[in-house]
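The block underneath contains the structure these notes are about, expressed in structure tokens.
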Amino acid sequence: MSTVTTTEATDPTGEPTGLKSAPTRTGNGRRTNRRRTVKRALGITALTLTLTLAVAAAGGYFWLDATSDVRNLGQTDCTAVTPAVTATPAGTPTTDDHRAVCDTIRALTDAWGRGDATAYGEQFTVDATYTTYVGTHYQGRRDIADAHRALFDGFVKDTKLADSFLGIRFYGPDTAVVTSRGDTYKGGTPKKPSELTKTQSYTLVRQSDHSWRIAAFHNTQRQNVMERLSFLWDSATVPEAEK
């Protein structure tokens with residue numbers, strides 16, 4: 001039987017063709033590297049731009065916040081505010097009425113500080129309305145007292161109230177509107193008037209026993225940055241007391 005001998009094909013250099021490595025595609029490799037470099041550069045540029053915009057936005061926010069102080073800080077003593085009076089045929093209020101209105105608000109503040117929801121509710125009329133700064137609306141003394149009983153045991157536990165009074169206006173002898181800046185705090189030192197973050201309105205009415213009770217309360221959270229933006233956008237929106 002004859003033996004079959006196989007020979008492996010070789011290229012002109014003498015190397016077997018089966019052992020040759022694949023040719024390198026130098027041109028395509030360079031193009032791929034350039035694409036990667038461009039993509040990397042674009043990514044770095046986009047990231048840098050994003051960070052720059054974020055820093056600028058944060059800087060703008062902090063500048064607005066730092067320049068949004070109010071000028072009309074009010075009086076921490078309610079009785080120190082000179083009330084405005086609108087006369088009506090029913091008569092005019094007296095100095096005692098001014099003091100009684102302030103006493104009612106003081107009793108409200110004291111009840112909050114003690115966490116006494118019953119005493120807090122008693123400073124309102126039976127059919128009073130109460131709107132919080134988050135928009136929650138309570139109707140009636142019982143509703144107000146029950147809600148604050150839960151709050152005093154939870155969210156606002158051990159807090160106190162600080163007020164700075166902006167104005168008191170009597171509409172005849174039986175109705176008064178009190179506006180103030182206010183906030184909660186903990187510890188023995190109340191917040192300064194410039195630190196109070198809410199604006200409040202109390203409408204008080206004289207009862208048949210001549211006591212004054214709160215018929216409506218409305219609390220608004222001051223959005224100081226948005227307020228500052230509004231003033232910068234249109235100076236005509238600035239209140240007279242803040243000019």
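The values are calculated or read from the model by the stated rules, or taken from the named source; none is laboratory data. Bear in mind that the values here come from a model prediction, so they are computed numbers and not experimental data. All Cβ positions, even for glycine, are placed from backbone atoms using ideal geometry, and neighbour counts span all protein chains on display. All accessible areas refer to the heavy atoms of the entire protein, side chains included, with ligands and DNA or RNA removed. Shrake-Rupley method; radii C 1.70, N 1.55, O 1.52, S 1.80 Å.
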Cβ-Cβ distance below 8 Å, separation of 6 or more or different chains: which pairs start in the stretch 145-160 with a residue that is of a type in the set (Ser, Thr, Tyr) and end on one that is open to solvent by 70 Å² or more (accessible area, probe 1.4 Å)? Thr159/Lys186
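With the structure loaded, tell me whether Arg181 is farther than 30 Å from Glu242 by Cα and open to solvent by 10 Å² or more (accessible area, probe 1.4 Å) or whether it fails that test. Write out each step before concluding.
Values: farther than 30 Å from Glu242 by Cα: no; open to solvent by 10 Å² or more (accessible area, probe 1.4 Å): yes.
In short, no.
So, Asp146, is that one open to solvent by 70 Å² or more (accessible area, probe 1.4 Å), within 26 Å of the chain's Cα centre (by Cα) and within 18 Å of Ser180 (Cα to Cα) or not?
Details: open to solvent by 70 Å² or more (accessible area, probe 1.4 Å): yes; within 26 Å of the chain's Cα centre (by Cα): yes; within 18 Å of Ser180 (Cα to Cα): no.
When the stated conditions are applied, Asp146 does not pass them.
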Could you list all residues from the stretch 97-136 that are in a helix (DSSP H, G or I), open to solvent by less than 60 Å² (accessible area, probe 1.4 Å) and farther than 18 Å from Tyr185 by Cα? Asp97, His98, Ala100, Val101, Cys102, Thr104, Ala119, Gly121
If you go through the stretch 117-143, how many residues are over 27 Å from the mean Cα position of the chain (by Cα) and acidic (Asp, Glu)? 2
Within the stretch 209-223, is even one residue under 30 Å from Gly91 (Cα atoms), open to solvent by less than 80 Å² (accessible area, probe 1.4 Å) and modelled with pLDDT under 95? no
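With the requirement that a residue be within 24 Å of the chain's Cα centre (by Cα) and either among the small types (Gly, Ala, Ser) or farther than 17 Å from Ala216 by Cβ (or both), what does the stretch 168-187 give you? Don't jump to the end; show me each part of the working.
From the stretch 168-187, those within 24 Å of the chain's Cα centre (by Cα) are 178-187; that's our starting set.
Selection gives Ser180, Arg181, Gly182, Asp183, Thr184, Tyr185, Lys186, Gly187.
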